Amino acid sequence: MPVTVRYLTHPQVLIEPRKDVRRWSLSPAGRERVAALAAGLGSLSQTRRVISSDETKAVETAAPLAQALGVGLEIRPRMHENDRSATGFLPPAEFEAVADRFFAEPASSVRGWETAEDAQRRILSEVDACLAAPQEGDVLFVGHGAVGTLLFCALSGLGIDRRFDQGPGGGGCWFQFDIQHRQPRQRWQPMEALIAGG
């Protein structure tokens, strides 16, 4: 059986400016979306590995899915979102402007952030390491929007560009590829499409 690999981003989070962004939790809306997917796994039903970033919002997305699938949850700290600790929380408009530069200047450390090129190498190496051995079923990676976009670009043979981002809506999007060819089959889709068998 061919193995399908999916990369899913966490959905909406509680924005807590005084708290480390890496420790932000899912919002009620984000939790509801995860619960709905866990209750109706759809396309995820053949998943035999769930692998997550160690950031709270990613773990809170991955853990209910792993439990519903009856598999263990694997934590990979190096799957974290691009390192933005140099600035910490930024107001939304300022954050979007810096994020635009992050993608537009991939070799530069914008305001001390990890460069897009470094973040891309990191997420790609983590995915490659996880997929190096034969798999017994489908694989689900649970992570973040920016590094997910960088992974999508790398697998698609595209230059780093924010126009390949998951788009607005607070996250909770995915793309997939087969383990042999490592070529994304489609652009980002909302997690609800998985329930429908997308």
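A few remarks follow.
- Antiparallel bridge percentage (DSSP; both residues within the chain; nearest 5): 40 percent
- Alpha carbon convex hull of the stretch 5-78, projected area averaged over orientations, nm²: 4.8 nm²
- All Cα pairs of the chain, percent lying beyond 22 Å: 43 percent
- Intensity falloff of the stretch 36-127 expressed as log10 I(q)/I(0), Debye formula with alpha-carbon point scatterers, at q = 0.22, 0.25 Å⁻¹: -1.02, -1.16
- The value of relative contact order for the stretch 92-174, using C-alpha pairs under 8 Å at least six residues apart, is 27 percent.
- Taking every C-alpha pair closer than 8 Å and separated by at least 6 residues, the mean separation divided by the residue count of the stretch 1-120 gives a relative contact order of 20 percent.
- Residues with amide H under 5 Å from that of Gly172, placed H, sequence gap 5 or more: Thr9, His10
- Here the stretch 126-193 and the stretch 15-52 have alpha carbon centers that stand 16 Å from each other.
- Extent along the principal axes, Cα only, for the stretch 122-198: 35, 31, 19 Å, with the longest axis given first.
Read-outs throughout are calculated quantities, based only on the coordinates presented, and are distinct from any laboratory measurement. The shown structure was predicted, so the numbers you read here are calculated from the model rather than taken from an experiment.
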